[in-house]
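Colleague: Sending over a structure as structure tokens; questions will come in a sec.
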Amino acid sequence: MQKGLWHGVSPLALGLALGFSLTSGAVAQTAGGQVMGGRAADAEVSELVVTAQRVEENIQQVPIAVSAFSSATLQRQSIETLQDIAIRTPGFSAGQVDPIQTNFAIRGIGSAFGISQNAGGDASVVVFVDGVYAGRGGTPDIDALNLERVEVLRGPQGTLFGKNTIGGLIQFVSKKPSADPSWRVEAQYGNYDRRSLNARGNIPLSDRAFLSLGGSIKLRDGYEFNETTGNHVNDQDLRSAALALRLLPSEDLDVTLAVDLTDQDQKGNPRDNICDATLRGGVHCVGINPDPRVVNAFTDGYLRRWLQTYRGEVNWQSPLGTVTSITAYRAATLNFRTVFFANPVNPPNQIESTETDHEKNKQFSQELRLAFGALDGRLTGQVGAYYLHEDNTRIEDLQQDFPAPAQTGIATYPQMVKGRSIALFGQASFAVTDTVTATAGLRQTWERKRGHFIGRKVSGPGLPPPLAADYDVRGAESWSALTPRFALDWQATPDLMFYASATRGFKSGGFQGIAGSGPSQSTPYDPEFAWSYEGGAKSRWLDGRVRLNASIFKTDYKDLQVSQLVPLCCVVVGNAATAEIKGAEFEWVLQPLQGLQLDGSYAFLDAEFTSFANGATANFTGNALPRSPRHKVHLGVQYSTDIQGWGAMARLDYTNQAHMFFEASNIATQKQEGYINVDARVSLTSPDKRWEVAVWGKNLTDELVATYVTAFAPYRQVLVPYAPPKTYGVTLIWKM
């Protein structure tokens, strides 16, 4: 496939061709009694248990579009971050302003700027770690946790999960401590002097008490070089630890107490600077090195993060059903300095803009659920209540150095925001017949945010943008939302299920990150809402050797929160638009021969603004939503065999994604061209299964992929951070 693959392709042609060819092929072979590839496979495609509906279910029986990655899959594909997950998931894109300010989008819905850029705002796609909402401060890397699986739920999940899951959500599900003693140590070395060590253990303390613990350290040199300071930047120094204690006081009671910690301390991530150009093949600014991995910032900046999560989960098998309580306290401290604009324009004039942030977030949450069954199992469901309190303090300092003295100086923007969310929810499924099940759910949410906002000049001859005048203001607002879900599924055969659903999603309103004036800062923007309609099928063929899942969807958004960069001012969030999103997604796994697996996915996405008047002159109606590539295909080939008792496995992952924009204007300078990503891994496992050595590579085509783009039209500048370049290394694993 070439990068021009998507030119001239009719919208659903490729996906339908892939889906129907697999389905028709499977049916034909079943009817004719043939085997795929001339040799029978001796194992089915393994099935996963997921908690997409807050209870454990086979993924093939869940009427939701969900992708799941087991712990074995995470290892075999060298998956370490959510960026790695996004590459392999239909409809999911993951960018980042810097390594701790991520911005996720599912089916075109996401926050255009990192959540840490706004003390009073929320993301549209959120992460839950073992049932705990991870609102701010990011999450540990995937390989730092002892995960059982990662789940990606696509589309609004407002009934059972609530809290801003309007685009979708990602769930990290950890392995619970158990009675099986085990140890695992993994060491890794790669280019850019990458060194990492990860150790995990599971220790039974008695027949009713079990302990799991682990820790990791990841070190790496920087991907970019700062010519001004002579240092490599965008490096990595990340340490994490996790501990979980599981107690079984009785046959009916299961208690888990857990803590995970993350400590990150590394250099910053200055932007590449491009003038008058699209992202590829552009002309770099005068005096700037044209190498995109070389920057010219007057300081390297820094990035420091201290993340703590303390969690208690209780499961009680009561006479009424399973009662689950999840209590969590989460604290994040972020300190970072980013030079987001530093280069000469028409020398000797120099422009420099530096952002320094100090943020502390405290979050307490409590969820209580009852999962029940009645009528001899024909009626199942759950009811629950949720409470969340957030206390966020953020101080952002902006240093602006421009040729014009009136725009030069330092300003500070302290923000103190408190948020509260309360919800009552329930969902029930009723077996209308032996094969048809109807589901209905409802969630009522009440939210409140109040904040104290300051904008003040610190020094300089003028008022640095965006500050127009000093201010000290307060603001408060409350919102409520009713988010129902209706679904119908038909188990046509034991291996074929059809479903249809209608779901409403809600994302909280909020306040600006920083504003130029007090009235703008204290005026909240409204929540956004979406209705999503989806139909799909989940199927297995050829005695379980083929799995094919498909979905089609349409989503209508109103009061869409849109982030816009106002030159020489700020990022402004407003309810500026409505949008319509249509698409189709396919996922498949085939095992045609013993040891051979073919898997992949395809997503078609048509996401556009149906109305978006941006001021008196600009009208973005009809433009594509940010980070919504029209086509995305992922193909995986995996082969495993025994060589004189040694287990050998080779895997290749290929992703081809069409172009996308980072901003609603859809201008060329905010465009990421289509690109190809290729990852590979080859491993050998000892006959006793205790040792494994693997050689791996990521982004083997060394594609230059932007993770975030800022365009400053007045100075004809485009500022870009990039995803990692080609990386490779070797991993050694010992288990017992």
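The values are calculated or read from the model by the stated rules, or taken from the named source; none is laboratory data. Only a predicted model underlies this, so the values are computations on that prediction, with no experimental measurement involved. Cβ sites come from the backbone with ideal geometry, for glycine too, and all protein chains shown count toward neighbours.
Colleague: For the range 686-704, how many residues are touching a residue at least 12 places away in the same chain (Cβ under 8 Å) and either more than 25 Å from Y192 (Cα to Cα) or in contact with a Pro (Cβ under 9 Å, 6 or more places away or on another chain) (or both)?
Modeller: Count: 10.
Colleague: Considering each of A515, A550 in turn, give the residue that is buried (at least 23 other Cβ atoms within 10 Å of the Cβ), modelled with pLDDT under 90 and more than 20 Å from P484 (Cα to Cα).
Modeller: Exactly one of A515, A550 is buried (at least 23 other Cβ atoms within 10 Å of the Cβ), modelled with pLDDT under 90 and more than 20 Å from P484 (Cα to Cα), namely A515.
Colleague: Let me ask you something else. Filtering the range 148-189 down to residues that are among the polar types (S, T, N, Q) and under 20 Å from A72 (Cβ atoms), which residue is surrounded by the fewest Cβ atoms within 10 Å (Cβ to Cβ)?
Modeller: Here the residue is S178.
Colleague: Follow-up question, since we're still on this one. For R378, all conditions in the list (1) over 30 Å from E56 (Cα atoms); (2) over 34 Å from the mean Cα position of the chain (by Cα) hold save one; what is the number of the exception?
Modeller: (1) is the only condition that R378 fails.
Colleague: So which residues in the range 45-101 are over 30 Å from F662 (Cβ atoms), under 19 Å from the mean Cα position of the chain (by Cα) and assigned to a helix (DSSP H, G or I), if there are any at all?
Modeller: Those that are over 30 Å from F662 (Cβ atoms), under 19 Å from the mean Cα position of the chain (by Cα) and assigned to a helix (DSSP H, G or I): S71, Q75.
Colleague: Sort out which residues of the range 598-621 are over 26 Å from the mean Cα position of the chain (by Cα) and either assigned to a loop (DSSP other than H, G, I, E, B) or more than 22 Å from Y525 (Cβ to Cβ) (or both), and write them in order of number.
Modeller: G615, A616, T617, F620, T621
Colleague: If I filter the range 286-320 down to residues being without any contact (Cβ under 8 Å) to a residue 60 or more places away in the chain and either part of a strand (DSSP E or B) or among the β-branched types (V, I, T) (or both), which single residue comes out as surrounded by the most Cβ atoms within 10 Å (Cβ to Cβ)?
Modeller: I288
Colleague: Pairs please, first residue from the range 429-448 and over 29 Å from A481 (Cβ atoms), second anywhere and of a type in the set (A, V, I, L, M, F, W, C) and crowded, with 20+ Cβ neighbours inside 10 Å, Cβ atoms under 8 Å, 6+ apart in sequence or on different chains.
Modeller: Listed pairs, sorted by first residue: none to list.
Colleague: Out of the range 491-535, which residues are within 30 Å of N549 (Cβ to Cβ), free of Cβ contacts under 8 Å to residues at least 60 places away in the same chain and among the β-branched types (V, I, T)?
Modeller: Across the range 491-535, the qualifying residue is only T493.
Colleague: Here's something else I'd like to know. Quick one: is D679 acidic (D, E) and part of a strand (DSSP E or B)?
Modeller: yes
Colleague: Follow-up question, since we're still on this one. So, A411, is that one surrounded by 21 or more Cβ atoms within 10 Å (Cβ to Cβ), of a type in the set (A, V, I, L, M) and under 19 Å from P465 (Cβ atoms) or not?
Modeller: Yes; evaluated as a whole, the condition is true for this residue.
Colleague: Still on this structure: Out of all the residues in the range 582-597, which are of a type outside the set (A, V, I, L, M) and either under 16 Å from P90 (Cα atoms) or part of a strand (DSSP E or B) (or both)?
Modeller: K582, G583, E585, F586, E587, W588, Q591, P592, Q597
Colleague: Kindly state which strands (runs of 3 or more DSSP E) lie completely within the range 122-236 and contain at least 1 residues that are of a type in the set (S, T, Y), touching a residue at least 12 places away in the same chain (Cβ under 8 Å) and under 25 Å from K507 (Cβ atoms).
Modeller: By residue number, 132-134.
Colleague: The conditions are (1) surrounded by fewer than 17 Cβ atoms within 10 Å (Cβ to Cβ); (2) within 30 Å of S196 (Cα to Cα); (3) not charged (D, E, K, R), and T731 fails exactly one of them. Which is it?
Modeller: That leaves (1) as the condition not met.
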